[in-house]
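Please read the structure below before turning to the comments.
The values are calculated or read from the model by the stated rules, or taken from the named source; none is laboratory data. Remember, predicted model here, so these are calculated numbers, not experimental data. Cβ sites come from the backbone with ideal geometry, for glycine too, and all protein chains shown count toward neighbours. Ligands, DNA and RNA are stripped out before the accessible areas are found, and what is left, the full protein with its side chains, is counted by its heavy atoms. Shrake-Rupley method; radii C 1.70, N 1.55, O 1.52, S 1.80 Å.
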Amino acid sequence: MEREVSVATPIVGAEEHDNVESVLDSGRFVQGPYVEEFEEKWADYIGVDHAVAVANGTVAIQLSLNALGLEPGDEVIVPSLTFGSTATAVVHQGGVPVFADIDRELYTLDHRDLERCVSDRTVAVMPVHLYGQPAEMNEIREFADNHDIAVVEDAAQAHGARYRGDRVGSIGELGCFSFYATKNITSGEGGMITTDDDELAADLRSLRNHGLADRDTHVDLGYNYRLSELHAAIGSKQVERLPDFNAKRRRISERYAAELGDLEWLEPATIPDYVDHAYFWAPFEVQEDVIGLSGKEVWRRLNNRGVETRHRYNKPLYEQPVFTDHKGFNGEFPWSENDAEHDYESVSLPNVEDVVGKMIGLPNHPNIEEADIEYVIDTIRHFSPHSA
Ligand SMILES: Cc1ncc(COP(=O)(O)O)c(C=O)c1O
């Protein structure tokens, strides 16, 4: 193998090191100045009044639904092709995920399938800005307003993406971010909830901290979902790096699309001109019929040639055992009396079925070297189904 090109790598510098050291020296590890600074910078960057830091992106979703007043058995519409915790977070809160189809071109929640999914128990719709691509927020917002339900954006993969000029995370009632190690920026582990709603923000701050209203009074069934100062010390610095990181991701991803766009077996994702993609992924769809190989086999063979790629999602959420078998809560989801209505085994959605397993993401992290980019392009251009 000539080279090994990794698909993602956290990038931290001397300033992150200095920040962490200053936390260690200060002895203040929880709810200190770095959490506050990280929240202020993130609210400012996204263009909202409040950002509430939490332990990770999954609990950001959970707390958001809790703050909206989700009751056991209430429903949340989610796309079927996304990371599992978009939907498991709903279940953890006692809610019912209702799986919608995806847009065939954009891979995000298909607004045309929402009417089929809504019921009198629906409290929210949760678009996911998948791979960094903003979902069709105008249509989703209009649907939510018509049904008087909330929009919770799962923006865990889309730091800095814009939809018609607005940053994702500022369009729904609530926006949820993850700062996991492979994301556009990281705090190691970490999450953030964004909102313009003062009351929701106050509830979220209490819920993440044991439901405390003051030092002595638990007014809610809260949690310890706080972010530590050590994590915030990294994240706060990373916010400053994000515009530069994203510009590099864009340049690399657009170059792949330009230089590989003529290949018949590998289609670059469609990106509408009214969005700014965050390029968490440089997404391509393997045309399995053309190359005569599955997306998984292409992924495997590229790995063998030293080109690490992302390859997800390979199972629709409605096929995941956790949902088909109603795993958790001692074998019974909180809505088990409604099982007949939520028999996920009978769900099959055409666009999800068509796309599943075909998506790969090429290495586009900001530290990639020019020679690596050239190697990726060359390897893919010379990729043949006849070589192992
Ligand atoms: C779409 C989506 N939602 C939610 C999450 C959960 O974030 P975390 O891993 O920080 O819990 C992820 C994480 O990777 C994600 O990709």
- Message: For a quick check of your reading of the model, give me the residue pairs whose first member lies in region 173-196 and is open to solvent by 30 Å² or more (accessible area, probe 1.4 Å) and near the ligand (Cβ under 10 Å from one of its atoms), whose second is at pLDDT below 95 and of a type in the set (S, T, N, Q), with beta-carbon atoms closer than 8 Å and at least 6 apart or on different chains.
- Response: none
- Query: Only one of L242, L221, L227, L207 is over 21 Å from the mean Cα position of the chain (by Cα) and surrounded by 14 or more Cβ atoms within 10 Å (Cβ to Cβ); which?
  - Reply: L207
- Residues in region 40-63: is at least one within 16 Å of the ligand (Cβ to nearest atom), hydroxyl-bearing (S, T, Y), without any contact (Cβ under 8 Å) to a residue 40 or more places away in the chain and open to solvent by 10 Å² or more (accessible area, probe 1.4 Å)? no
- Task: Find the residue count for region 245-283, including only residues that are open to solvent by 40 Å² or more (accessible area, probe 1.4 Å), farther than 19 Å from G357 by Cα and not in a helix (DSSP H, G or I).
- Result: 5
- When region 57-70 is examined, which residues are found to be on the phi < 0 side of the Ramachandran plot and in contact with a strand residue (DSSP E or B) (Cβ under 8 Å, 6 or more places away or on another chain)? G57, T58, V59, A60, I61, L63, S64, L65, A67, L68, L70
- Query: Looking at this structure, is N138 within 16 Å of the ligand (Cβ to nearest atom) and under 22 Å from I271 (Cα atoms)?
  - Reply: no
- Task: Being in contact (Cβ under 8 Å) with a residue 12 or more places away in the chain and charged (D, E, K, R) is the filter; apply it to region 1-35 and report the residue that is least open to solvent (accessible area, probe 1.4 Å).
- Result: E16
- Task: Determine which member of the set A247, A282, A257, A232 is in contact with a Leu (Cβ under 7 Å, 6 or more places away or on another chain) and under 30 Å from Y45 (Cα atoms).
- Result: A282
- Does R141 satisfy the criteria of being more than 17 Å from V76 (Cα to Cα) and open to solvent by 20 Å² or more (accessible area, probe 1.4 Å)? no
- Positions within region 83-140 being among the polar types (S, T, N, Q) and closer than 22 Å to S348 by Cα, in sequence order: S85, T86, T88, T108, S119, T122
- Query: Yes or no: S236 open to solvent by less than 10 Å² (accessible area, probe 1.4 Å) and closer than 30 Å to Q31 by Cα?
  - Reply: yes
- Query: When both residues are 6+ apart or on different chains and their Cβ atoms are under 9 Å apart, which pairs have a first residue that lies in region 147-161 and is closer than 15 Å to C117 by Cα, and a second that is hydroxyl-bearing (S, T, Y) and surrounded by 24 or more Cβ atoms within 10 Å (Cβ to Cβ)?
  - Reply: A150/S64
- Message: Being in a strand (DSSP E or B), of a type in the set (A, V, I, L, M) and either touching a Gly at 6+ places or on another chain (Cβ under 6 Å) or more than 16 Å from the ligand (Cβ to nearest atom) (or both) is the filter here; which residues of region 64-77 pass it?
- Response: V76
- Message: Can you pull out every residue in region 284-305 that is of a type in the set (A, V, I, L, M) and either open to solvent by 50 Å² or more (accessible area, probe 1.4 Å) or within 14 Å of G361 (Cβ to Cβ) (or both)?
- Response: V286, V290, V298, L302
- For region 306-330, enumerate the residues that are loosely packed, with under 15 Cβ neighbours inside 10 Å and among the acidic types (D, E). D325
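Residue-by-condition table, conditions (1) modelled with pLDDT of 95 or more; (2) within 16 Å of the ligand (Cβ to nearest atom); (3) crowded, with 24+ Cβ neighbours inside 10 Å:
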site	(1), (2), (3)
P79	yes, yes, yes
T82	yes, yes, yes
S85	yes, yes, no
A89	yes, yes, yes
Q93	no, yes, no
R104	yes, no, no
R112	yes, no, no
T122	yes, no, no
